[in-house]
Amino acid sequence: MNIVLLKTRSNDSSMVVQQKQILKYAHHHDLEINTTEIENSDPALELEERKEFKGFLRSLSKHDHIIIFDLLTFSNNVEELVKIFECLLTRSISIHIADVNTCIHVDSKPLILLDLLVKQREFIKQLDKEKTQGRPKGRMSKSKFDIHRPYVIELLEKKTSISEISKILNVSRTSLKDYVNSRGLKELVKAKFSLLKSSKQQPLTLKSSVAKECSLIKQPVDYTEGTTHEL
């Protein structure tokens with residue numbers, strides 16, 4: 001399955017830019033987009049803390065293909081990127097990076113991935129130098145609405161109005177509208193549907209079966225309760 005993973009950004013890589021580059025890459029490499037997922041967790045956190053993203057990784061199957069705009073979609077920390085690549089490559093999942101026109105797969109030469117990570121480290125260092133008034137360029141401040149973000153996106157996908165969403169969440173319509181606009185959530189949803197519409201196939205449901213698991217996303221059995229739980 002070919003899965004596009006999208007993430008809103010506040011830097012120059014707008015959703016339109018990401019969408020165009022991903023479509024260009026998919027067309028050039030004859031990849032049909034089967035489904036599109038939206039990543040909501042904070043990329044600055046460690047993988048172990050990103051419950052939603054770990055769920056996405058766990059849902060993937062052997063030989064799936066993930067298409068992203070750039071590595072910042074996964075994380076803005078090189079050490080975390082290494083963990084993510086290990087989890088994906090362990091299960092023979094290919095990663096297509098549209099902005100550098102590169103695919104990393106289990107048979108890729110190690111130097112290709114190493115070079116990619118070194119360049120990413122330098123890029124992140126450059127971003128850190130572009131701090132303005134104590135806040136790095138491209139980083140959004142936290143909001144009280146962040147906890148509702150996945151649900152807000154889900155409602156927007158169902159074409160629920162901002163007024164209706166604000167009533168459901170019992171929050172100020174104006175504040176919610178400002179949040180949706182500042183995070184580009186409508187553009188994100190629009191891009192998701194546009195990417196799927198451009199594909200020749202209909203969206204498919206992600207499979208839950210996997211050939212192998214990495215230790216970071218494994219759900220160990222709790223023998224005392226007879227159920228599974230996350231680390």
Any pair with Cβ under 8 angstrom, 6 or more apart, that starts in the stretch 23-38 at a residue that is part of a helix (DSSP H, G or I) and ends at one that is modelled with pLDDT of 90 or more and open to solvent by 70 Å² or more (accessible area, probe 1.4 Å): Tyr25/Asn101; His28/Asn101
Restricting to the stretch 81-107, give me the number of residues that are in contact with a strand residue (DSSP E or B) (Cβ under 7 Å, 6 or more places away or on another chain), open to solvent by less than 30 Å² (accessible area, probe 1.4 Å) and in a loop (DSSP other than H, G, I, E, B). 1
Go through (1) part of a loop (DSSP other than H, G, I, E, B); (2) open to solvent by 30 Å² or more (accessible area, probe 1.4 Å) one by one and return the number of the condition Ser75 breaks. (2)
Restricting to the stretch 45-72, and then to whatever is in contact with an Asp or Glu (Cβ under 9 Å, 6 or more places away or on another chain), part of a loop (DSSP other than H, G, I, E, B) and not basic (Lys, Arg), can you tell me which residue is surrounded by the most Cβ atoms within 10 Å (Cβ to Cβ)? Phe69
Could you tell me which residue of the stretch 134-147 is most open to solvent (accessible area, probe 1.4 Å), considering only residues that are modelled with pLDDT of 50 or more and more than 17 Å from the chain's Cα centre (by Cα)? Lys142
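When you look at Lys192, is it modelled with pLDDT under 75 and either open to solvent by less than 80 Å² (accessible area, probe 1.4 Å) or among the basic types (Lys, Arg) (or both), yes or no? Full working, then the answer.
Values: modelled with pLDDT under 75: yes; either open to solvent by less than 80 Å² (accessible area, probe 1.4 Å) or among the basic types (Lys, Arg) (or both): yes.
In short, yes.
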When both residues are 6+ apart or on different chains and their Cβ atoms are under 8 Å apart, which pairs have a first residue that lies in the stretch 163-189 and is closer than 15 Å to Lys144 by Cβ and assigned to a helix (DSSP H, G or I), and a second that is open to solvent by 90 Å² or more (accessible area, probe 1.4 Å) and among the hydroxyl-bearing types (Ser, Thr, Tyr)? Leu169/Tyr151
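The values are calculated or read from the model by the stated rules, or taken from the named source; none is laboratory data. The structure presented is a predicted model; accordingly, all values stated were derived computationally and were not measured. A quick note on method: Cβ atoms are made from the backbone with ideal geometry, for glycine too, and the neighbour counts reach across all protein chains shown. Just so you know, the surface numbers come from the protein's heavy atoms only, side chains and all, with ligands and any DNA or RNA stripped out. Shrake-Rupley method; radii C 1.70, N 1.55, O 1.52, S 1.80 Å.
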